[in-house]
Amino acid sequence: MAMNICIVGSGYVGLVSGACFADLGNSVICVDNDPAKIAKLRKGIMPIYESGLDEMVKRNKKEGRLLFTRDLRDAVKKSEVIFIAVGTPPRDNGEADLSFIEHVSKEIAQAMPSYRLIVEKSTVPVNTGEWVEHTIKTFNKRNVKFDVASNPEFLREGSAIEDFMHPDRIVLGVKSKKARDILTELYKPLKSPIVVTDIKAAELIKHASNSFLAMKISFINAIANLCDRLGADVAEVAKGIGMDRRIGEKFLNPGIGFGGFCFPKDLAAFIRISEKCGYDFGMLKEVERVNDEQKLNAVKKIESLIWNLSNKTVSVLGLSFKPDTDDIRYAPALDIIAMLRKEGVKIRVYDPIAMPKSRAILGASVKFCKDPYEAVKGSDCLFIATEWNEFKRLDFKKIKKAMRQPVIVDGRNIYDPEEVKALGFRYIGMGRR
Ligand SMILES: NC(=O)c1ccc[n+]([C@@H]2O[C@H](COP(=O)([O-])OP(=O)(O)OC[C@H]3O[C@@H](n4cnc5c(N)ncnc54)[C@H](O)[C@@H]3O)[C@@H](O)[C@H]2O)c1
């Protein structure tokens, strides 16, 4: 049965979820308090890059199933289910900043005319559901009945629509049968396994999942560092480990560390939550440490091939934290660029999609180039920071001719070491022979 849904926060998660729910036949109102974002969306301009999103939004907007507004109260009046998908950015101490969640909860409470189901979709620390419920109770002066539920989102930027439509599982943290029935009905068309828990467990599932995945990445990065010292190839080791079904082959690609708006902040938040409830989750602190060190390792690798960094030129290919997205939040490329610049390195950059967002941060401190070939002009080192497909097949003869020194530091292991070495490049990957 089609439902009237409101999604508060129209970012990577809110917009994709809203478009997908609309595509499944529901009437969706996406709310955001950023006037520029709403104006763009109303004109059919996507504020983010996500494959397939543009067409999906346009199609559902045309069918009248997808609306965009800044007016949260009006959207709450017209919707029976309200998803909160606002940001939960990290505070200086790593804790999640939940002020947006509180603000939205208050507004929802004041606008609800009758029963509403309020669903946390943002990634939030355990016990946030209780605070949301408490806040709504406090500001819901007319004593309207409501339920709070937790439905963490597991989509990945770059494959967000596919992930939303075909999730490995849907987690529903609920307190009442009514909330469970509504959400089960809403997700029925996806035909995916549903895990029903209480709200606390659902909140913990999201933080625990992201922390586990981050741990897997730091683990393989540590193995890569060992391989570097021992002359073994991490690709061979990872293959051998990953074929064990208890471990699995995914997330065993070494690199320059994880980034993005999820892993670094969720890991930090989970460490703080554990601390707050009296448990020292030291294992996760080590995951963070290995991740931070990995960026420094990349700089050291560059230094090991071009000697003094001062006044050298490094071409950084890739700025987004991973391919197929324009998201540069906590992108390792940006940290590495900052470290190199501190050493007096001149930076030339190219990214297929993320340059407009990067300009706002990097400004004139780096030279933005129109393609990889312009980026390597007069350069002492080509550094692969993001494994975009278009970097996998470059014309290496052209690259070598344009560079001052034929040096590649492959932060994502996208090249065959033997092949590029045979072409006359000095090459280092991450844990490769
Ligand atoms: N990005 C991901 O891949 C991903 C995946 C799973 C979960 N999450 C989680 O989902 C949440 C949202 O992440 P995101 O990447 O979509 O963030 P985002 O920054 O892209 O989007 C958040 C949106 O909320 C809006 N907003 C903030 N306060 C508001 C308010 N009071 N009223 C209306 N709108 C408001 C912002 O303007 C912004 O557009 C976070 O908790 C994140 O951890 C993100």
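Going through Ile414, Ile384 one at a time, which residue ends up being of a type in the set (Val, Ile, Thr) and touching a residue at least 60 places away in the same chain (Cβ under 8 Å)?
Numbers: Ile414 fails: touching a residue at least 60 places away in the same chain (Cβ under 8 Å).
The match here is Ile384.
Collect the residues in the range 1-34 that are within 12 Å of the ligand (Cβ to nearest atom) and of a type in the set (A, V, I, L, M, F, W, C), keeping them in residue-number order.
Cys6, Ile7, Val8, Val13, Leu15, Val16, Ile29, Cys30, Val31
Kindly provide the set of residues from the range 35-50 that are surrounded by fewer than 14 Cβ atoms within 10 Å (Cβ to Cβ) and within 12 Å of the ligand (Cβ to nearest atom), ordered by number.
Taking the range 35-50 first, the residues surrounded by fewer than 14 Cβ atoms within 10 Å (Cβ to Cβ) are 35-36, 39, 42-45.
Residues satisfying the conditions are Pro35, Ala36.
Residue by residue, here is whether (1) surrounded by fewer than 20 Cβ atoms within 10 Å (Cβ to Cβ); (2) within 28 Å of the chain's Cα centre (by Cα); (3) not hydroxyl-bearing (Ser, Thr, Tyr) holds:
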| residue | (1), (2), (3) |
| --- | --- |
| Ile82 | no, yes, yes |
| Glu102 | yes, yes, yes |
| Ser114 | yes, no, no |
| Ser122 | no, yes, no |
| Gly129 | no, yes, yes |
| Pro167 | yes, yes, yes |
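Being more than 21 Å from the chain's Cα centre (by Cα) and surrounded by 24 or more Cβ atoms within 10 Å (Cβ to Cβ): is that true of Cys6 here?
yes
From Cys6, Cys20, Cys30, which residue is within 25 Å of Lys322 (Cβ to Cβ) and touching a Cys at 6+ places or on another chain (Cβ under 9 Å)?
Working: Cys6 fails: within 25 Å of Lys322 (Cβ to Cβ); Cys20 fails: touching a Cys at 6+ places or on another chain (Cβ under 9 Å).
None of the others qualify; the one that does is Cys30.
Considering only the range 76-95, state which residues are more than 10 Å from the ligand (Cβ to nearest atom) and among the aliphatic types (A, V, I, L, M).
Residues satisfying the conditions are Val76, Val81, Ile82.
Between Ala214, Ala268, which is touching a strand residue (DSSP E or B) at 6+ places or on another chain (Cβ under 8 Å), at pLDDT 95 or above, closer than 30 Å to Leu98 by Cα and among the small types (Gly, Ala, Ser)? Steps first, answer last, please.
Values: Ala214 fails: touching a strand residue (DSSP E or B) at 6+ places or on another chain (Cβ under 8 Å).
Of the residues listed, the single one that is touching a strand residue (DSSP E or B) at 6+ places or on another chain (Cβ under 8 Å), at pLDDT 95 or above, closer than 30 Å to Leu98 by Cα and among the small types (Gly, Ala, Ser) is Ala268.
What pairs come up if the first residue lies in the range 29-42 and is farther than 21 Å from Lys62 by Cα, the second is near the ligand (Cβ under 6 Å from one of its atoms) and assigned to a strand (DSSP E or B), and their beta carbons are under 9 Å apart, counting only those six or more places apart or on different chains?
Final answer for the pair search is Asn33/Val8.
The values are calculated or read from the model by the stated rules, or taken from the named source; none is laboratory data. Note that this is a predicted model, so its numbers are computed, not measured. A quick note on method: Cβ atoms are made from the backbone with ideal geometry, for glycine too, and the neighbour counts reach across all protein chains shown.
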